[in-house]
Protein chains: 2
Amino acid sequence: MATKAPPGCEQIVSNRERSMFVNVNAHPGSRPRTLGQLGELSRARVILSEFKYNKGTEIFGEAEPADYIYQVGDGAVRTHKLLSDGRRQIGAFHLAGDIFGLENGLTHRFTAEAIVDTTVRLMKRCSLEHVAETDAMVALDLLNMTTSNLRHAEDHMLLLGRKTSLERVAAFLREMDLRLTAAGVMALPMSRRDIADYLGLTLETVSRALSHLHGMGILGFLGQTQRQIVLLDRGRLAELDL
Amino acid sequence: MATKAPPGCEQIVSNRERSMFVNVNAHPGSRPRTLGQLGELSRARVILSEFKYNKGTEIFGEAEPADYIYQVGDGAVRTHKLLSDGRRQIGAFHLAGDIFGLENGLTHRFTAEAIVDTTVRLMKRCSLEHVAETDAMVALDLLNMTTSNLRHAEDHMLLLGRKTSLERVAAFLREMDLRLTAAGVMALPMSRRDIADYLGLTLETVSRALSHLHGMGILGFLGQTQRQIVLLDRGRLAELDL
DNA sequence: CGGCCTTTTGATGCCGATCAAATTCAGTGG
DNA sequence: CCACTGAATTTGATCGGCATCAAAAGGCCG
């Protein structure tokens, strides 16, 4: 991987033996992490590289060997599974500071793609595993990160199994509001199709739900691009998300 | 909990400082575990109790303090979340030997109930946590168990978000076939409603899908009870589960 | 301005939900 | 063992929410 970059992917820096995650929160434009607590991991010294992936390019594929773990620098990443006929389920969106691609087994369980032009830091997984075998604190950090992912997946099962389309979109907006609202505006990096594949809906249904919320006065669209959303009434939005 | 048993729950044994999980697989009627690898945990000496829960009774509730972790002895357990209006999503079924109720945070994220009369072994969580803080091997075992749960939840998200009713039921049958088929017969402990709430469907739709598979010659029902199922053609069942 | 892509909006269709009733099953007591 | 009872399951009829199909509107970038 460090020797030959795939199309749409460009290596930026590659330093050995540098602490990977130091000053993550000092990264310009990043906000406090809600997933992926780092803890002791930030002290583990590991091989580090920084890559840039163009919009739409694959970072790793499902069932590929999981040799690295990743952290979003600037940009956004989606992870998904595909059925043989092309139906897609997005498992999570990863924003600035989030860790993704952390596996316990040998291979990735999702495909990861850059939603927009994205910089990614990556570290050799084997070096981390080696540390975890002897350092219980590092192992507990890995456990905490995995538990965060599990909690998210469990909540998402309830959404996918039992919520209506309006409830799903409301839940999505609340989740994104927590993670990327700045100056009252939520700038969504992902398309309606991505949102639909995250929520188990079609893009038309997502669009209709957003229009409906707009008509109810709960949210507004901002000028130029439809991907900028203003939440006008968080209280009434919360009522829709059972 | 050890001082006052709730209705439908009866304490059987309570031994301090005994290894909790020794000889799990020697338990009569239990088969090899597919979830919940124990590894080093089986060496951790902890407080142990064994309880019996009657069919339908609650073992712990969502958002209750998670003071114990549990292992199914004989019987079966379902874990679920509820929406305020009663819609239910079952996250997992736990069969003989399975660990459940393992949390990293302070509280349970699901409600757990006995599907049939069930014996459960439980251990104080704090004693386990204490060990994990210093023993990296124990911490890695916890990580492995959590990762198993995560993998299951991730696969289930794809099912709930994107699969048809027939595909969901086929996937369910294959999962149960792996876990509890004995002598060619799958004796399901759970009702059609439980299956429906696991698969994000209604009980009628589950029943129709099973009838359809029966009509296709892929499965047969066995005499006395409709909960005993014979898989006649695993190959064609697999083709339905994309 | 013009071409392409994303999003919105409208019309229609279908899968699974809902409502309803018949049938089978499990438990109980005679 | 069998009759009775209530629960679980199956099966049928109908409904509705979301998917699908289609087209118009808006945004992005040359």
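Residues B:101, B:161: which one is of a type outside the set (Ser, Thr, Tyr) and within 30 Å of residue B:52 (Cα to Cα)? Break it down stepwise before answering.
Details: B:161 fails: within 30 Å of residue B:52 (Cα to Cα).
Selected residue: B:101, the only one of B:101, B:161 that is of a type outside the set (Ser, Thr, Tyr) and within 30 Å of residue B:52 (Cα to Cα).
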Exercise for the section: Tell me, please, whether a residue that is near DNA strand D (Cβ under 10 Å from one of its atoms), aliphatic (A, V, I, L, M) and closer than 23 Å to residue A:156 by Cα can be found in the stretch B:142-152. Expected result: no
Practice task
Just need a number here: residues in the stretch B:106-124 that are crowded, with 21+ Cβ neighbours inside 10 Å and either in a helix (DSSP H, G or I) or within 8 Å of chain A (Cβ to nearest Cβ) (or both).
Solution key: 1
Handout entry: Candidates B:180, B:159, B:213, B:199 - the one that is within 16 Å of DNA strand D (Cβ to nearest atom), at pLDDT below 95 and of a type in the set (A, V, I, L, M, F, W, C)
Key = B:180
Problem - Number of the exception - residue B:103 against (1) within 16 Å of DNA strand C (Cβ to nearest atom); (2) in a loop (DSSP other than H, G, I, E, B); (3) within 9 Å of chain A (Cβ to nearest Cβ); (4) of a type outside the set (Lys, Arg) - result: (1)
Completion exercise
Flagged in the stretch B:132-169 as among the acidic types (Asp, Glu) and facing another protein chain (nearest Cβ under 7 Å), in numbering order, are B:133, B:135, B:154
Exercise for the section: State the number of residues belonging to the stretch A:84-105 that are more than 21 Å from residue B:149 (Cα to Cα) and open to solvent by 10 Å² or more (accessible area, probe 1.4 Å). Expected result: 7
Exercise for the section: Would you check which residues across the stretch A:125-138 are open to solvent by 70 Å² or more (accessible area, probe 1.4 Å), in contact (Cβ under 8 Å) with a residue 40 or more places away in the chain and over 29 Å from residue A:75 (Cα atoms) and list them? Expected result: A:137
Practice task
Only one of these is away from chain A (no Cβ under 14 Å), more than 8 Å from DNA strand D (Cβ to nearest atom) and modelled with pLDDT of 95 or more: B:208, B:236, B:192. Name it.
Solution key: B:236
Exercise for the section: Six or more apart or on different chains, Cβ under 8 Å: which pairs go from a residue in the stretch B:187-203 that's acidic (Asp, Glu) to one that's outside any helix (DSSP H, G or I)? Could you list them? Expected result: B:194/B:78; B:194/B:90; B:194/B:93; B:194/B:115; B:197/B:80; B:197/B:88; B:197/B:89; B:197/B:90
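The values are calculated or read from the model by the stated rules, or taken from the named source; none is laboratory data. This is a predicted model, so every value here is computed, not measured. Heads up, the Cβs are rebuilt from the backbone with ideal geometry, glycines too, and the neighbour counts pull from every protein chain shown. In case anyone asks, the SASA skips ligands and DNA or RNA and just uses the protein heavy atoms, side chains included. Shrake-Rupley method; radii C 1.70, N 1.55, O 1.52, S 1.80 Å.
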